Amino acid sequence: MDLTYTQEERDFRARLREWLGKTLPELPARPSPDDWPGRRAYDAGWQRRLYDAGYAGLHWPVDAGGRGATPTQHLIFLEETERAGAPYVGANFVGLLHAGPTIAAEGTAAQRARWLPPVLRGDEVWCQGFSEPGAGSDLAALRTRAVRDGDDYVITGSKIWTSHAEVADWCELLVRTRSVSETVPKHRGISWLAMPMDAPGVTVRPLRTLAGSAEFAEVFLDEVRVPVANRVGEEDDGWRVTMVTLSFERGTAFVGEVVACRRTLGELARTAKANGRWDDPVLRRRLGRLYAEFGALWRLTQWNVSASEASGGVPGVGGSVFKLAYSHARQELYDTAAEVLGADSLALDGEWALDRLSSLSYTIAAGTSQIQRNIVAERILGLPKGR
Amino acid sequence: MRAVDFRLTDDQRDLRTGVRDLLAGRYGREALRASVDAGGTLDRRLWRELGEAGFFALRLPQERGGVGLGLPEAVLVFEEAGRALLPGPLVATHLAAGAVPGAAEGTAVVTAFDLGGPGGGTLVAHLGEADAVLGAPSLPTGEPVPSADPLTPLHRVASRPPAASGAYRDEGALLTAALQVGGALRTVELAVRYGREREQFGQPIGAFQAVKHLCAQMLVRAEVARTAVYAAAVTADPAEVAGAKLLADGAAVRNARDCLQVHGGMGFTWEADVHLHLKRAWVRAEQWRTAGEAEELLAAELASAAM
Ligand SMILES: Cc1cc2nc3c(=O)[nH]c(=O)nc-3n(C[C@H](O)[C@H](O)[C@H](O)COP(=O)(O)OP(=O)(O)OC[C@H]3O[C@@H](n4cnc5c(N)ncnc54)[C@H](O)[C@@H]3O)c2cc1C
């Protein structure tokens with residue numbers, strides 16, 4: 001156990017801080033939440049700046065176009081960008097945080113060369129086509145079919161809850177390449193494909209979330225042709241690849257947000273001091289406890305990052321432990337914020353109210369808390385499966 | 001070069017295994033139950049053996065006869081002690097090593113005014129068997145009172161002398177938090193084991209999701225607390241220590257409660273060990289730094305960091 005920084009890491013931090021100080025004032029104004037093209041352009045522009053400065057794909061392997069930075073440098077990057085109030089990954093979430101890492105881990109050299117550089121440059125945006133109307137928690141029950149026709153798969157089916165579908169160029173898509181039968185269990189016939197979102201037969205219909213905006217969509221696929229060469233991993237072995245994607249999604253994708261939550265908690269303390277709520281000992285103690293929880297979550301993040309580095313870069317099921325603790329703490333943070341703000345928490349012109357609404361998705365998206373508990377109980381603790 | 005590295009070194013791993021084996025051999029379930037039957041009197045011989053094994057002198061420099069290790073190693077050792085439910089004023093005697101004669105060697109039993117409470121608190125653990133009280137010039141007299149924890153005898157002292165134990169407070173809180181983490185992890189194991197063995201409705205109760213989810217939440221609490229304790233041992237930052245104590249107290253108490261629930265009627269018996277974990281967790285939660293104090297300290301730290 002060693003939590004001190006080397007000279008090299010301190011230099012890295014100092015250079016980054018200087019670069020952020022210079023770059024952030026040059027950024028354009030943030031677009032409104034409903035301006036999707038504007039949001040895409042903004043997020044892409046930020047990613048491009050990171051790329052040009054050598055900060056894109058910092059911790060990705062060098063042969064995947066990354067910088068091969070240490071996990072510590074990556075965490076320093078997250079701390080510093082957050083501290084400076086830099087933009088969040090936004091529309092690049094899927095590409096940078098789980099589709100890209102999956103391709104880096106499982107793709108062929110040609111696939112890495114095709115898909116990873118545009119993600120790092122901010123040129124191409126990805127979305128995730130996993131969930132279906134009939135396959136949410138029970139993801140392996142998915143029914144979207146892909147039938148081989150020469151060098152193509154012909155795909156028919158539908159996906160749902162696809163975040164950023166409207167602005168995405170590519171979709172990490174799960175399809176059934178083999179029907180379920182007596183001898184083929186449901187998780188055996190799945191394949192993981194990269195589907196271009198502009199392919200004929202793809203229809204995106206935005207869905208309005210409870211926050212009022214269209215963050216996700218339904219995606220209908222009607223005889224969409226996708227080259228067989230776009231398959232990552234073997235045919236029918238997509239469930240294994242999916243586990244890799246989910247371990248990135250649950251294990252490391254939220255890392256940056258923990259830093260953001262710590263800053264938010266600081267803002268909340270300032271607000272409470274200013275409006276007098278700080279004098280309420282019950283509320284003050286609740287804030288103190290949250291400070292301990294987010295501190296510990298940051299340490300758990302460091303822990304998981306060192307552990308995943310030791311196991312070859314793919315995070316383990318420990319990500320489920322983190323996600324459970326984090327989702328709960330994040331919702332508790334915004335419920336506490338509502339207590340600090342009182343009735344003002346109902347006014348949607350404030351950032352707090354919107355963030356509180358979006359925090360409601362944390363115990364659902366990327367696998368519900370119930371599903372994470374099943375995973376922890378069965379795969380970590382070894383409890384038996386029920387009948 | 002990777003500097004911020006949370007993984008245990010090989011030496012730290014060996015230390016942990018060594019302590020676990022030692023305690024399994026010297027203070028297994030039979031010994032635990034024997035000390036319950038003996039009414040919680042401290043086994044002086046075991047205390048000396050712990051001393052010989054370096055338990056108390058762990059952080060004393062080598063030139064002063066100690067082992068010369070640091071807080072990160074100490075929390076690993078205390079975690080194991082918590083797991084084994086090892087009784088006695090372990091933290092106070094460890095803190096007294098080098099300051100009170102015999103503490104380092106385990107020939108003296110040293111307790112502390114570490115129990116909080118309204119008005120400073122007048123309960124002292126293990127006073128009847130103590131040779132000294134940490135930071136106090138002499139042994140106070142006290143009346144024995146029945147204790148909730150069969151392995152933590154309590155005395156009520158008439159008045160609490162102005163204690164010097166404040167100086168030891170952060171280290172005491174951290175090592176107590178490590179004991180709590182050990183207990184929290186142990187109760188997950190007990191619950192999981194029982195969940196696999198006990199059958200109802202024709203299947204192990206651990207196959208029922210309601211039971212599974214209790215166990216999963218137990219692990220989450222224990223792992224978050226454990227990380228907090230390890231990190232605080234490295235930084236020794238007072239706010240981080242307070243956070244670690246807060247989370248570890250919560251994990252130990254809550255886990256013991258859930259473990260009791262998983263055991264059903266068996267969990268309510270004297271015979272099962274679950275109540276021993278719960279009662280000890282309650283005691284430790286009152287020691288060195290209570291939840292209320294920790295939360296206030298953390299709030300103050302949050303406010304000053306945010307301003
Ligand atoms: C904001 C947001 C963004 C999302 N983005 C994407 C995306 O980009 N791409 C994508 O593919 N998906 C996305 N999802 C979908 C998400 O992964 C699913 O919503 C999630 O996996 C749950 O599936 P479901 O909605 O069908 O709920 P269901 O599976 O129907 O679950 C309903 C309830 O039943 C419980 N339940 C189900 N099965 C079990 C079980 N075995 N044991 C105990 N309880 C159970 C669940 O915990 C839940 O409480 C997104 C979701 C949200 C909220």
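Only the coordinates and a few stated rules stand behind these numbers; no lab work does. As the structure is a prediction and not an experimental result, all values here were calculated from the model. With ideal geometry, Cβ positions are generated from the backbone for all residues, glycine too; neighbour counts draw on all protein chains shown.
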Exercise. Over the whole of B:244-255, what's the average partner chain Cβ count within 10 Å per residue? Rounded to a whole number, please.
Key: 2
Self-check item: Residue among A:Glu172, A:Glu234, A:Glu132 with the largest mean-square fluctuation in a Gaussian network model of chain A, springs linking Cα atoms under 10 Å
Solution: A:Glu234
Quiz item: Just counting partner chain Cβ atoms within 10 Å, what average do the residues of peptide A:371-377 show around their Cβ?
Solution: 6
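Given charges of +1 on the Cβ of Lys and Arg and -1 on the Cβ of Asp and Glu, with all other atoms neutral, how large is the dipole of region A:7-88 about its Cα centre, in debye to the nearest 20?
Working: 12 positive and 13 negative charges, 29 e Å.
Rounded to the nearest 20 debye, it is 140 debye.
How high is the FRET efficiency from A:Tyr5 to A:Asp280, r the C-beta distance, R0 41 Å, rounded to 0.05? Could the numbers behind the result be given before it?
Values: r = 38 Å, r/R0 = 0.93.
Calculated value: 0.60.
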Quiz item: Within a Cβ distance under 13 Å of B:Glu286, other residues only, what is the Lys/Arg minus Asp/Glu net charge?
Solution: +1
Self-check item: Among the listed pairs A:Lys273/B:Lys245; A:Lys186/A:Lys323; A:Lys22/A:Lys159; A:Lys323/B:Lys245; A:Lys385/B:Lys245; A:Lys273/B:Lys279, those beyond 32 Å (Cα-Cα)
Solution: A:Lys22/A:Lys159; A:Lys385/B:Lys245; A:Lys273/B:Lys279
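From other protein chains only, count the Cβ atoms within 10 Å of every residue's Cβ in B:289-300, then give the mean. Please report the intermediate quantities before stating the final value.
Values: counts 0, 0, 3, 3, 2, 4, 11, 4, 3, 10, 14, 4.
Mean shielding count: 5.
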Practice problem: Find which of A:Leu16, A:Ala53, A:Ile380 sits farthest along the positive direction of the dipole of chain A, computed with +1 on the beta-carbon of Lys and Arg, -1 on that of Asp and Glu, about the Cα centre. | Solution: A:Ile380
Quiz item: By counting other Cβ atoms within 10 Å of each Cβ, how are B:Val133, B:Val253 ranked from fewest to most?
Solution: B:Val253, B:Val133
Quiz item: Dimensions of region A:251-387 along principal axes (Cα, Å, largest first)?
Solution: 49, 35, 27
Exercise. Kindly provide the helix-only [θ] at 222 nm of chain B, computed as the sum of -39,500 (n - 2.57) over DSSP H runs of four or more divided by all residues, to the nearest 500 deg cm²/dmol?
Key: -18000 deg cm²/dmol
Quiz item: So what is the calculated 222 nm ellipticity per residue for chain A, using -39500 (n - 2.57) for each DSSP H run with n of 4 or more, over all residues, to the nearest 500 deg cm²/dmol?
Solution: -15000 deg cm²/dmol
Quiz item: Which far-off residues, 5 or more places away or on another chain, put their amide H under 5 Å from the one on B:Ala112, with H placed in the peptide plane?
Solution: B:Ala125, B:Leu134
Practice problem: Sort the following peptides by mean Cβ neighbour count (other Cβ atoms within 10 Å, averaged over residues), highest first: A:336-346, B:216-226. | Solution: B:216-226, A:336-346
Self-check item: Whole-Hz couplings from phi, Karplus 6.51/-1.76/1.60, listed for region A:291-297; x for Gly and Pro
Solution: 4, 5, 5, 6, x, 5, 5
Quiz item: Build a GNM of chain A with springs between Cα atoms under 10 Å: which of A:Ser181, A:Ser369, A:Ser320 gets the top mean-square fluctuation?
Solution: A:Ser181
Quiz item: Given charges of +1 on the Cβ of Lys and Arg and -1 on the Cβ of Asp and Glu, with all other atoms neutral, how large is the dipole of chain A about its Cα centre, in debye to the nearest 20?
Solution: 820 debye
Quiz item: Beyond 49 Å, what share of the Cα-Cα pairs of the protein assembly as shown remains, rounded to the nearest whole percent?
Solution: 21 percent
Self-check item: Local net charge near A:Ala260, Cβ-Cβ under 11 Å (Lys/Arg +1, Asp/Glu -1)
Solution: -1
Quiz item: Mean separation of Cα pairs under 8 Å and 6+ residues apart, divided by the residue count of chain B: what relative contact order is that in percent?
Solution: 16 percent
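What does the C-alpha gyration tensor say about the overall shape of region A:127-236? Classify as rounded when a/c is under 1.5, otherwise prolate if a/b is larger than b/c, or oblate.
In terms of gyration-tensor shape, oblate.
By average Cβ neighbour count within 10 Å, what is the ranking of A:256-267, A:4-15 from highest down? Mind showing how you got there, number by number?
Values: A:256-267: 19.3, A:4-15: 14.2.
So the order, starting with the most tightly packed, is A:256-267, A:4-15.
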Quiz item: What is the local net charge at A:Gly295, summed over the other residues whose Cβ is closer than 9 Å to its Cβ (Lys, Arg +1; Asp, Glu -1)?
Solution: 0
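Kindly identify chain B as rounded, prolate or oblate by the Cα gyration tensor criterion: order the square roots of the eigenvalues as a ≥ b ≥ c, call it rounded if a/c is under 1.5, otherwise compare a/b with b/c, prolate if a/b is larger, else oblate. Don't skip to the end; give the middle numbers.
Working: a/c = 1.40, a/b = 1.24, b/c = 1.13.
It is rounded, given that a/c, with a ≥ b ≥ c, falls under 1.5.
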Quiz item: Relative contact order of region A:127-236: what whole-number percent is it, with Cα pairs under 8 angstrom and at least 6 residues apart?
Solution: 30 percent
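Decide, for region A:81-171, between rounded, prolate and oblate: order the square roots of the alpha carbon gyration tensor eigenvalues as a ≥ b ≥ c, take rounded if a/c falls under 1.5, and otherwise choose prolate if a/b is larger than b/c, else oblate.
The shape class here is oblate.
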Self-check item: Cβ-placed point charges (K, R +1; D, E -1), dipole of chain B about Cα centre in debye, nearest 20
Solution: 520 debye
